Every structure is written in structure tokens, then in C-alpha cells.
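The numbers here are math on the coordinates, done by the rules we state, and not lab data. Source: prediction; values computed, not measured. So basically every Cβ, Gly included, is an ideal-geometry build from the backbone, and we count neighbours across all protein chains shown.
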Amino acid sequence: MTQTEYKIYIDSIIRRVEAARLKVSAHHIVKIVAVSKYSTCQEIEALYNIGQRAFGENKVQDLRDKSQELNELPLEWHFIGNLQKNKINNLLDINPSLFQGLDSLELAQELQKKLALRNQKLSALLQINSAKEASKHGVMPEEAVAIYKQIQAECPNITLKGVMSIGAHTEDKEIIKQSFLATHAIYKQLEGATICSMGMSGDFELAIECGSNMIRLGSILFHN
Ligand SMILES: *Cc1c(COP(=O)(O)O)cnc(C)c1O
């Protein structure tokens, strides 16, 4: 694809996001995080050149390599993966804009210790396992509000901004919708939360209609 063809293609995705958000309300703003985990720095730069600023990676090593290689560009980096305790310092060295995969109270407490030692802050989303799938990370929906409040109370160096969830792993749209609605219902109960991150390439319109205001798009933006 030439850059012009790529821009036309990306515009078609943005129009789909627009149509979905307008079904919610003219005031409902949706932010797109481009998930670059399967993409090269050249591909990230091509998307940057047509206006994309926020990018997400799910491996600490890849986040470090790509953010370093592209450090001349004013990009906003999100870490969207699962964080192992032995990688905490590596993530904090990178100091991402947003850590979207905070998936337990224990991890929050470990992060808090290291953040306090470094006198550093980290913005994060609590990941919710809305469909209660064994294969997925995240807190159980019925515990989410209490854990969120406990992190707010006990972890002053973590700035919680809301929630993140991955839609149910099924072809059944109704079940996916239920998982998004469950996440959104939790989000609405959280004092001060401003980000409800849900929706990926295969289900972003449904996620937006269920109240998502941040979508994480990988394959649809980069591989076509
Ligand atoms: C890979 C990934 C995405 C993007 O997935 P696509 O289906 O390629 O859009 C979004 N969120 C998370 C947490 C991911 O790991």
C-alpha cells in the first residue's frame, strides 16, 4: 500500500469508530491505542505519519526496544500486557503513559513498593476478567470495585484511571456483549475513573456501544 492508500484505509476504520461512538452520544469520545506488538518500527512510523500517537505493547522487552528506537517521535506508550514481578523495574524504567494490565492487589502492592523507592508514579487501569475465563488475567468482576478502592487507599504512587478488559473469547456476540456490559457497569461505580478500555479489532464497535472510551486495535490497523 502507498501512504495515500494506507491513509484512506485508516480513515475507513476511523469512520467505523465514529459511527459506533455517535450511536452512544455526540459527546462520547473514543481514544484509539494502536497495538504494535506484531509490527515493526517502520510500520509504527507509517501510522504516526498519518496522525496516530498512542501505541501499545504487551511485552516489556518490546516496549523498551521500540520506545527507545522511536524516542525522537512524540509517542504515547501503553503497556497492555501481563506484568511479571521480576519485570517491574524494567517497566518502571520505561515509565509508560499507562499500564493497562494491573491484574491483582498483590501486583499493585509490589508496584507500590518499587514506585515509592523510586519516588515515581504510574497511571494504571485495573484489568477485569469479566467473562471469568481461566485463560485470562484480571480480577473477578464481583471483587473489582473493592480491589480498586483498596489500591486507591493503599497505593498512593499508583494513579488508577479506570478499567481494562478483553471481551469474552467466543463467536457469540451476545456473550461478548454481556462481558463488555459487566465491565462498563463496574467502571460506572468507580469514583474518579475516566477510562473504560475495551474492544479490539474484532469487537471494537460492540465495545463502544457498550460504553468503551478506549479501544486497542492491533491487526486491523497494521495487517491488511
Ligand atoms: C493484542 C492485543 C490487542 C489487539 O488485538 P487485535 O485483535 O489484533 O486488535 C488488544 N489488547 C490486548 C491486551 C492485546 O494483547
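Quick notes on this one:
- The number of residues in the stretch 1-22 that are in a loop (DSSP other than H, G, I, E, B) and either within 15 Å of the ligand (Cβ to nearest atom) or in contact (Cβ under 8 Å) with a residue 24 or more places away in the chain (or both) comes to 1.
- Under the condition of being within 16 Å of A182 (Cβ to Cβ) and surrounded by fewer than 19 Cβ atoms within 10 Å (Cβ to Cβ), the residues counted in the stretch 110-136 number 3.
- Residues that are outside any helix (DSSP H, G or I) and closer than 21 Å to N89 by Cβ within the stretch 114-138 comprise N119, Q120, K121, L122, S123, A124, L125, Q127, H137, listed in sequence order.
- Residue count for the stretch 79-103, restricted to those that are in contact (Cβ under 8 Å) with a residue 24 or more places away in the chain and away from the ligand (no atom under 16 Å from the Cβ): 8.
- Selection count where residues are assigned to a loop (DSSP other than H, G, I, E, B) and among the polar types (S, T, N, Q), scope the stretch 93-113: 3
- Some residue of the stretch 150-159 being within 27 Å of A20 (Cα to Cα) and hydroxyl-bearing (S, T, Y): no
- Residues satisfying the stated conditions in the stretch 23-74, i.e. in a strand (DSSP E or B) and more than 11 Å from the ligand (Cβ to nearest atom): K31, A54, F55
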